[in-house]
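The values are calculated or read from the model by the stated rules, or taken from the named source; none is laboratory data. All values reported here derive from a predicted model rather than from experimental measurement. When we count neighbours, we look across all protein chains shown, and the Cβ atoms used for this are built from the backbone with ideal geometry, even at glycine.
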């Protein structure tokens, strides 16, 4: 992948991170527990898909960071007293589960394809 295509893919993955976080925040408590499972599955799919698309860990880290920033922004109470996340178990599971999924996807070990020699001496 050349540098321009990789940069565009990071921008698109970041925008998708914001969209998935917003959609998950709206769905996770509305259809509890099915909405929570759907929101976490969408987040996991984005994080793992980003890592597979770019073939590096940054592909999962970029949407994870923007997902986290968006969820934190949406959890702040407004001056009018409105808020998006209720005080309950579901939002905490969504926040912690999404962060854990993002970290797991960003730190998964990279496997070399069959037939490609390893980076260490004497490995195949």
> Hey, among the residues in the range 33-55 that are surrounded by fewer than 15 Cβ atoms within 10 Å (Cβ to Cβ) and more than 13 Å from residue 98 (Cβ to Cβ), which one's nearest to the chain's Cα centre (by Cα)?
Replying inline: 52
> Restricting the search to the range 97-124, which residues are on the phi > 0 side of the Ramachandran plot and modelled with pLDDT of 90 or more?
Replying inline: none
